[in-house]
Amino acid sequence: MLALPCLYPPQEETCNAASATVALFYTVLFTFTERLASKPTVMSTWRRLHVKVRTTRGLFSPRRVSEQSTWLCGRLTLSQSLRTGRPFRNDFFKDLEAQLAAMRKKAADALPGSSWSPFEPNPNLPPERADIVIVGGGVMGWSIAYWLKQKERIQRGLKVVVVERDLTYSQASTVLSAGGIRQQFSLPENICLSLASAEFMRNINEHLGVLNEDPVDLQFNHSGYLFLASQDVAHIMEENYNTQRQAGAKVLLLSPAQLKEKFPWINTDGVVLASYGLENEGWFDPWTLLNAFRRKAISMGVIQCCGEVTDFDYTINVMKTVDGSRMDFRRIKSVKVQMPNSLEYQAVECAIVVNAAGAFSGKLAQMLGIGCGPKDTIAGIPLPVEPRKRYVYVVHCPDGPGLDCPFLIDYSGVYFRREGLGGNYITGASPEEAEEPDISNLEVDNQFFEDKVWPSLAYRVPAFEKLKVTSSWAGFYDYNTFDQNGIIGIHPLTNNMYFATGFSGHGLQHSPAVGRAVAELILDGNFKTLDLSGLGFRRILAQEPMLERNIV
Amino acid sequence: MSAPLMSLHRCFQRSAFCLVGRRMWSSSSVSPPPLHTRMLLFLTQRFYDIEMLLRWRSHMKRRSIQKKNAYYGYTKSFYGPDIAAAYYILSLKGGFRYTGQSDWFRADQRGKFSWDFLNHKDTSLEEVDMSYTVINYTGLENFYGQQSLKTLLLRGCPEVDDWFLARLHMFQDSLEELDISHCPRITTGGLAALRNLKGLQRLDISYLPGISSPGLVIILLEEMLPHCQITASGYDHNLRQQGEEEK
């Protein structure tokens, strides 16, 4: 059995080591003996200590009991003291624990072979090795990350790192977009991508719901898109309509009279034909979608990293074609990730890099030497993606169209949609090619609204003659200068960089389906559910643009 | 001998309970969830197995709903679309009335129904009552081609959401009465999709917990559907209360 602590000097102690409380008690005693080390005899020290303990208001006994019984029942009282928490005693034990931990740490550090160093490692550094590095943490990047984890065959079998430059997303195209989804495209690929994405959003909680977290609410507005066509483009609209119906989209063609009946607030002058989406079209909150993807991907084990990719480390294999010209095949070995606001960087060794950097993916490809070769070779063709600034204006108009307001796109290029229920609308237009604004900042040109947007807007909807611009912002399109469509797939001269970029404004609405396609491309080797091989890099090398036959 | 161990044990027990209650709940929920939910949460945070089991449970729940809402293609190929739709309704414990008839076919509490409805081949449905059933978006596929459906009652359906409402455009010419009261998943974004129902005359949107500012939404709906009589009870339109909050 346990001995009585105070009656024996410690060296003769035959204490039962199993009792942790007593061990604690001894540590207290030792700390006291350290203080009283100048005293000549051990016994007097103990006696002295005794008095001290007594004077500190019955340190170990909750009740006022006789000295003898306190020490005799030391063990019991200790166990009681753990239960009845008086503040003083709690503080004491907390302090003690902290001191003990510090002491243990100091001892461990002092011992040879410890890993202690005077420099604190940055906990935000990415891992040294990863299987797949996704550059760009927008909705596209996170969607790819999610689908990669979803499709991996062994749980935690893939190490995926998503590198994002700005975790506040203050300049990200995802959150600065108008957030619409439509099926009214002319290319079957785009229509199928939209349909698949709409299906994903319909079942979003099955895909992106995390256990014990709130379900995802996209705030989807099922209001449909309304395209208006003039005389010149009506035939294109009809062709597009046929393609869309064939692909399975629920679209309706309206004559001007029908249009006027359905939406009495529209001025139908100049409109020859209108097409209106009945189902799976509308707008939603981009930030919610981005965060849902991010939350789910992180819960599945994707590593998020804040930093900027500044360089690649790659190997070059030189080959010669039949006619003797030289070909450089590159393979990325590691990605250099620079930490924000510091000189620190980490080279992440990886097998595959996914370029989902959106508007800045052209710059990223340039770092790898894509487009830096001689003019008329494959190596000389750059990634045709560049940032383009687009303005979005929020206008307030109490007399404007009500709850039935669709996402209207006029043939003049002006669009608008309802924002909330308080008579606010979001509007904007694409500037002409020659008048592209400067992309060095995200400042808004309000003159553009006065000159280009408002006249068309007020002509189409007379109620908008009286309006007030309450807010505005600008965002970047990842504009594909070649054919304004996404580039999905691998570059022929770089065998481990996958592209998912250049969507020119519809990246957000296609992100769920494109993420799945890229994951299939990486893990299965080819497209499984949707054949997107037409959207590959090959069309750029062959100079065969896949242009969207737009009416605007 | 075991007293210190007991006390330590109790100590740890208490800390475990503290851990259970430690999670921050969102400010919107007034009361914290019941103890067994918190206990499960604690266990899922500790053990992968329990997390897996819970995931399976929700997966099975979803699958059973999907199964009930399957496309009755086999029935359709044998008996035609009307019988398939009728059979789908009865197997979900709903009720319906054929065009030109006065009696309803309904399933009883235990899901039993008479097979007399098979005698009316190629008669379309006029009224459908799917109240308190698990009908969802995919189940609506079974009604495809019902051109004379006039009444659709969806009171208290837990799986009816905005996407479901957006898909009701398939009855855009015929539907006259729609009851979507007590459906917990309907929000304002879905109500906007009702504009496609041109012939709607009666709409019941009472007790929808998902719409945020019901007074405004009802006014906007009335504006959007001018020929429709909208019933909306169960909302607190008390302006004074909102005014107090602003202060």
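The values are calculated or read from the model by the stated rules, or taken from the named source; none is laboratory data. Computed from a predicted model, the values in this text were never measured in an experiment. Using ideal geometry, Cβ is built from the backbone for each residue, glycine included, and neighbour counts are taken over all protein chains shown. Just the protein is used for accessible areas: all its heavy atoms, side chains included, with ligands, DNA and RNA removed. Shrake-Rupley method; radii C 1.70, N 1.55, O 1.52, S 1.80 Å.
In whole percent, how big is the carbon plus sulfur part of the accessible area of the range B:74-246, probe 1.4 Å, protein atoms only?
Carbon and sulfur atoms account for 47 percent of the accessible area of the range B:74-246.
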(Q) Ranking request for peptides A:362-375, B:170-183: highest mean number of other beta-carbon atoms within 10 Å first, then the rest in descending order. (A) B:170-183, A:362-375
Q. For the pair B and A, how large is the buried accessible area, both sides, in square angstrom to the nearest 100, if the probe is 1.4 Å?
A. 3300 Å²
Q: With unit charges on the beta carbon (Lys/Arg positive, Asp/Glu negative), name the residue among B:LEU194, B:ILE211, B:HIS237 whose Cα is farthest towards the positive pole of the charge dipole of the range B:74-246.
A: B:LEU194
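Step through the table entries B:LYS93/B:LYS198; A:LYS336/A:LYS363; A:LYS149/A:LYS363; A:LYS159/A:LYS389, compare each Cα-Cα distance with 24 Å, and write down the pairs that go over it.
On the way: B:LYS93/B:LYS198 29 Å; A:LYS336/A:LYS363 15 Å; A:LYS149/A:LYS363 27 Å; A:LYS159/A:LYS389 35 Å.
Long pairs (Cα-Cα over 24 Å): B:LYS93/B:LYS198; A:LYS149/A:LYS363; A:LYS159/A:LYS389.
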Q) If you count, for every residue in A:196-204, the Cβ atoms of partner chains within 10 Å of its Cβ, what is the mean? A) 2
Q | About the Cα centre, charge dipole magnitude for the range A:329-435 (Lys/Arg +1, Asp/Glu -1 at Cβ), debye | A | 640 debye
Q: Calculate, for B:SER64 and A:GLN258, the FRET efficiency according to 1/(1 + (r/R0)^6) with r their C-beta to C-beta distance and R0 35 Å; round to the nearest 0.05.
A: 0.25
Q.
If I ignore ligands, DNA and RNA and count only protein heavy atoms, how much of A:THR529 is accessible to a 1.4 Å probe, in Å² to the nearest 10?
A. 80 Å²
**Q.** Given charges at beta-carbon only (K, R positive; D, E negative), |dipole| of the range A:414-549 in Debye
**A.** 580 debye
Q. With every protein chain left in place, what is the accessible area per residue of the range A:171-328 in square angstrom, probe 1.4 Å?
A. 41 Å²
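Nearest 20 debye, what's the magnitude of the dipole of the range B:101-247 about its Cα centre given +1 on Lys and Arg Cβ and -1 on Asp and Glu Cβ?
160 debye
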Q: Would you please calculate the Kirkwood hydrodynamic radius of the range A:395-552 over all C-alpha pairs and express it in Å, rounded to one decimal?
A: 18.2 Å
Q. What does the charge count near A:GLU281 come to, summing +1 for each Lys or Arg and -1 for each Asp or Glu among other residues with Cβ under 9 Å from its Cβ?
A. +1
Q. Which of the residues in the range A:401-425 show a loss of at least 40 Å² in accessible area from their chain by itself to the complete set of protein chains, at a probe of 1.4 Å?
A. A:LEU403, A:ASP404, A:LEU421
(Q) Once you place label points 7 Å from the Cα toward the Cβ at A:ASP323 and A:ARG104, how far apart are they in nm? (A) 7.3 nm
**Q.** Accessible-area value, A:TRP473, 1.4 Å probe, nucleic acids and ligands omitted, Å²
**A.** 70 Å²
(Q) How shielded is A:270-278 by partner chains, expressed as the average number of their Cβ atoms within 10 Å of its Cβ atoms? (A) 1
